[in-house]
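Working notes, beginning with the structure itself.
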Amino acid sequence: MRVKLRWRRKSATPDGKRKPAVRWVALLITVIAAAAGGSALGTFLEFDLPDIRALEDYRPPQMTRVLDREGREVDSFAEQRRILISHQQIPALFRNALLATEDTNFERHTGIDMKALLRAVWRDLTSLTMAEGGSTLTQQLARNLFLHPEKTWRRKAQEAVLALEVERQYTKEEILAFYCNQIYMGHGRYGIEAASRFYFDKPVRDLSLPETAILVGLIQRPEALSPIRRPERARDRRDLVLRRMAEVGFITAEQAAAARAEPVVVATRRSSRNDAPYFVEDVRRWLQQRFGNDALYQTGLDVSTTLDLRLQHMATKAVDAGLRELDKRQGWRGVARRVPDGENPTTWSPESWSTPPAIGEVVDGVVTFIGAGKAQIRAGEWRGALGREQTGWTGRKEMDRLFRVGDIVRVRLGPLAADGSVALALEQEPQVEVALVAIEPATGAVRALVGGFDFGRSEFNRATQALRQTGSAFKPFVFAAALAAGWTAADTILDEPTVFVDPAMPEPYEPENYSRKYNGRITLRTALEESLNIPTVKLMEAIGADGVIDTARRLGIRAEFRPYPSLALGAFEVRLIDLTAAYGALANQGVLVEPHLIDRVVDRSGNVVESVDPQIRDAVPPEIAYVMNQLLEGVISDGTGRAAADLDLNIAGKTGTTDEFTDAWFVGYSPDLVVGVWVGFDERRSLGSRETGARAALPIWISFMEQVRPLLEAKEFPRPSGVSIVHVDRQTGLRASHALGCAPSIAEAFLRGSEPAVACTAEEHVKLRFPYPLHRYPLNERGEWVIPEDELRQLVDWLPDLALGDGGRRLSLRSTPQVSLPVAQMPPDPGGGVGWDTESRGTDGFPVRVVSVGTRADRRGGR
């Protein structure tokens, strides 16, 4: 028997109806449970929600911008690269594109678009994912400002709560401004203004319709849709934005079609790349020391610098070309990289091609085929070939001994040929380093600065940090000191093999001229133009090393100087920027303006928080500066810097080379710009035989100045009233007299009152045709050579070409008898004679002169 049991609720009456009291109790329990659940849910959602009133003091991290002299952005420092704009600065075109794509109902909803939200929830539930967004601009803003990006149901609910609260507290205009300043736009840029300047090199207000659509399209996935890295994807997303704008009615179908037909064009890589990394790094260090990290990376400063981006680009170009040419003279170092094993050279791409190679750049190239004296090369989308003409500098004749298929070589992409191929030049990355600095003499403003070949390879700034021996580039300070001591450019000094004995030195100092040749008595002008070592050291010994050190210090040279003979030849270490500024003081009529990189610093409110006023001081009298300018112009027109003579400018300058060719210098200037170039290795090793300043550094200087030339005014150095111009004989330095057989002549500058009074004679020119050991002896007013008799006998014994006739009263040359002069023999010199080392001979076999340092070299023969 089966028994069926029925369960009956105790609260029910026999007829199944609930009692009224029970229903009220159930309702009460339901209300309490709902309240408790709602409270719990609210507590759960709001447990860690921030206070949206923080937006009242909205201060997102802003980038510090480094600007050049024209306000062009050079680089920036930031935790987030952002430029704040107001609601009024958001273009209507951008606003429309943004709303059409991201939030069509922005003006109508209260923070949540229920229709879009329900659609997104349904799709997420049916797909068991959280891929669908459905967020309004307000929700996106709340998420970006206050919440973590991870997609969870709890975060979505919190996002909705915050969005409602944001809409309750702020206007639509304020919300849109918050959004446009906060949103991430790729490549480290935040906000639409910073993104617009990065991608298109212009403010957002100046964007075209296609550019605006690209910028709005980035918001969905900034890195994946980058027009720099993924132009095809960026184009597709742009076209979607344009279609949405047309569908909503913000633009016409015709406008959308025209915009879709436009190519994706962004700012070139160069304009978006820091072209002055060494300059910028020095600025960053200064700002960090002055204001601290928080101000530098968060508060958003505008730093107006002295840099001129046009000149900086020219400097970078000149340095790159010049250093590569020098490096090729040092020989081919071979291939260092190959395509990875197992990869096909015809299809494999190196990481460096992630940004497409451009014409004119030096890029990686992959060797794909070798044959018929040529190597076929791939470089991104480009194809070309290297033949013997392009590889001849390597010294290798056989192409298959130079490359193998799969080698990765550096090539410069040249112009395109008719068949679509590209001309190639074989390159290699230079090991040698370089520095260049260009300064405006009148203001001390650094207009261009290169601190090395590659900032990525080494951040050490060789223009402002490196201390290097200057070699002959230091000589102008010796000559400036001599002018201050009463010497003139027409005074003469003996160029002869000389040993300098200094008790403070462990060994005698025996410098040599670069050519190993000696000229006898020469003018100071000739000594500087030809960069002769012996006369320069003698000149310093004549005036005293202290005067040279004092002159150098007043011109801003900071170095640990010692009064050794080697000081005259640049044996002590100097910074390029200091040396260049010192030459600039000569260009600036003797006034030194301290070189500086920063003009002023402005905060986010436009207040000037720092203004740089460089130190200015009179370094040398303007008359001495002018005479030095004339002498150093002679270095260009007639001396070691003559390779620069073709520039259509009044240019002065000086080369410099150190022992063993370890450092090469050239510093040159016009009245408006002074430029210094240094070339060398970081470690002290030779650049190679005969790699002088004229060969290694001067070509870089010339290349830079050729580019800068159209920006400079052709004018002369201003002549002070205390300077007079007198025509003198170039060889003797005496007053020019063509009637007496003196030629050629030159218009020489003198401090007024120091002009030569004695006129040149034919006998003076004849004397200079004799061997230089005789040049120290003067001619008397009758044109007779005045030589002590004991020294005359020594000279005749030492110099086989000398012939003494007419009873010992006429001296001539055996090889050229017509070259002769009368002699007035004098008693022996009681001072001990000339001081020749008869056991030591120069390269020409003549005795070597011995000078004791501190006794002052004689000026016999000068005026």
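The values are calculated or read from the model by the stated rules, or taken from the named source; none is laboratory data. Keep in mind that what you see is a predicted model, and the values were worked out from it rather than measured. Neighbour counts run over all protein chains shown; Cβ positions are idealised from the backbone, glycine included. Note: areas computed on protein heavy atoms with side chains; ligands, DNA, RNA excluded. Shrake-Rupley method; radii C 1.70, N 1.55, O 1.52, S 1.80 Å.
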Would you check if E232 is part of a loop (DSSP other than H, G, I, E, B), among the acidic types (D, E), surrounded by fewer than 16 Cβ atoms within 10 Å (Cβ to Cβ) and within 35 Å of the chain's Cα centre (by Cα)?
-> no
Residues within region 721-735 that are touching a Ser or Thr at 6+ places or on another chain (Cβ under 8 Å) and either farther than 17 Å from R521 by Cα or of a type in the set (D, E, K, R) (or both), tallied | 3
From the residues in region 760-781 that are in a loop (DSSP other than H, G, I, E, B), free of Cβ contacts under 8 Å to residues at least 40 places away in the same chain and open to solvent by 10 Å² or more (accessible area, probe 1.4 Å), which one is farthest from H727 (Cα to Cα)?
-> E781
Subset of region 587-601, residues of a type in the set (A, V, I, L, M), under 15 Å from Y626 (Cβ atoms) and under 24 Å from the mean Cα position of the chain (by Cα), comes to A587
Sort out which residues of region 199-222 are open to solvent by 30 Å² or more (accessible area, probe 1.4 Å), at pLDDT below 95 and more than 19 Å from R143 (Cα to Cα), and write them in order of number.
-> D201, K202
Please work out which one of (1) surrounded by 14 or more Cβ atoms within 10 Å (Cβ to Cβ); (2) touching a residue at least 12 places away in the same chain (Cβ under 8 Å); (3) part of a helix (DSSP H, G or I) is the condition A246 fails and give its number.
-> (2)
Could you list, in sequence order, all residues of region 737-757 that are outside any loop (DSSP other than H, G, I, E, B) and closer than 11 Å to I725 by Cα?
-> I746, A747, E748, A749, F750, L751
Would you mention how many residues in region 148-177 are assigned to a loop (DSSP other than H, G, I, E, B), modelled with pLDDT under 85 and not basic (K, R)?
-> 4
Would you point out the residue of region 332-383, among those that are part of a strand (DSSP E or B) and surrounded by fewer than 14 Cβ atoms within 10 Å (Cβ to Cβ), that is nearest to the chain's Cα centre (by Cα)?
-> R337
Which residue, of A749, A757, is under 45 Å from the mean Cα position of the chain (by Cα) and touching a residue at least 40 places away in the same chain (Cβ under 8 Å)?
-> A749
So the strands (runs of 3 or more DSSP E) completely within region 557-616 holding 2 or more residues that are open to solvent by 60 Å² or more (accessible area, probe 1.4 Å) and either out of contact with any strand residue (DSSP E or B) (no Cβ under 8 Å at 6 or more places or on another chain) or among the polar types (S, T, N, Q) (or both) are none
Specify the residue that is farthest from F453 (Cα to Cα); the eligible residues are those in region 672-706 that are open to solvent by 50 Å² or more (accessible area, probe 1.4 Å) and within 18 Å of the chain's Cα centre (by Cα).
-> E706
Return yes or no: is G186 in a loop (DSSP other than H, G, I, E, B), open to solvent by less than 10 Å² (accessible area, probe 1.4 Å) and either touching a strand residue (DSSP E or B) at 6+ places or on another chain (Cβ under 7 Å) or not acidic (D, E) (or both)?
-> yes
Positions within region 236-251 being farther than 17 Å from N105 by Cβ and among the acidic types (D, E), in sequence order | D236, D239
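Condition check ((1) in contact with a helix residue (DSSP H, G or I) (Cβ under 9 Å, 6 or more places away or on another chain); (2) surrounded by 18 or more Cβ atoms within 10 Å (Cβ to Cβ); (3) at pLDDT 95 or above) across all residues:
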| position | (1), (2), (3) |
| --- | --- |
| V241 | yes, yes, yes |
| I251 | yes, yes, yes |
| T268 | no, no, no |
| D275 | yes, yes, no |
Tell me which residues, restricted to region 395-406, are open to solvent by 20 Å² or more (accessible area, probe 1.4 Å), in contact (Cβ under 8 Å) with a residue 40 or more places away in the chain and within 18 Å of G365 (Cα to Cα).
-> R404, V405
The residue that is farthest from R95 (Cα to Cα), considering only those in region 209-226 that are in a loop (DSSP other than H, G, I, E, B) and in contact (Cβ under 8 Å) with a residue 12 or more places away in the chain, is E223
Scan region 511-521 for residues that are closer than 22 Å to A482 by Cβ and surrounded by fewer than 24 Cβ atoms within 10 Å (Cβ to Cβ) and jot them down.
-> P511, E512, N513, Y514, N519, G520
Which residues, counting only those in region 208-239, are of a type in the set (S, T, N, Q) and in contact with a helix residue (DSSP H, G or I) (Cβ under 6 Å, 6 or more places away or on another chain)?
-> T212
Test L795 against the criterion of being surrounded by 17 or more Cβ atoms within 10 Å (Cβ to Cβ), of a type in the set (A, V, I, L, M) and under 24 Å from G835 (Cβ atoms), and give yes or no.
-> yes
Within region 42-88, of all residues that are polar (S, T, N, Q) and buried (at least 16 other Cβ atoms within 10 Å of the Cβ), the one modelled with the highest pLDDT is T64
Specify the residue that is surrounded by the fewest Cβ atoms within 10 Å (Cβ to Cβ); the eligible residues are those in region 732-749 that are small (G, A, S) and at pLDDT 90 or above.
-> A747
Could you tell me whether any residue of region 700-711 is in a helix (DSSP H, G or I), modelled with pLDDT of 95 or more, under 30 Å from Q469 (Cβ atoms) and acidic (D, E)?
-> yes
Lone qualifier among D648, D729, D659 - being of a type in the set (D, E, K, R), open to solvent by less than 20 Å² (accessible area, probe 1.4 Å) and over 14 Å from A438 (Cα atoms) | D729
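Every residue, every condition in (1) loosely packed, with under 13 Cβ neighbours inside 10 Å; (2) modelled with pLDDT of 80 or more, yes or no:
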{"residue": "T104", "(1), (2)": "no, yes"}
{"residue": "A116", "(1), (2)": "no, no"}
{"residue": "L128", "(1), (2)": "yes, no"}
{"residue": "E132", "(1), (2)": "no, no"}
{"residue": "A142", "(1), (2)": "no, yes"}
{"residue": "F146", "(1), (2)": "no, no"}
Those residues of region 297-331 which are open to solvent by 50 Å² or more (accessible area, probe 1.4 Å) and part of a helix (DSSP H, G or I), in sequence order | Y297, R310, H313, K317, A321, E325, R329
From A442, A425, grab the single residue that is open to solvent by 10 Å² or more (accessible area, probe 1.4 Å), out of contact with any Gly (no Cβ under 8 Å at 6 or more places or on another chain) and either among the small types (G, A, S) or at pLDDT 95 or above (or both).
-> A442
Could you tell me which numbered condition T551 fails, if it satisfies all but one of (1) more than 33 Å from the chain's Cα centre (by Cα); (2) open to solvent by less than 20 Å² (accessible area, probe 1.4 Å); (3) among the hydroxyl-bearing types (S, T, Y); (4) at pLDDT 95 or above?
-> (1)
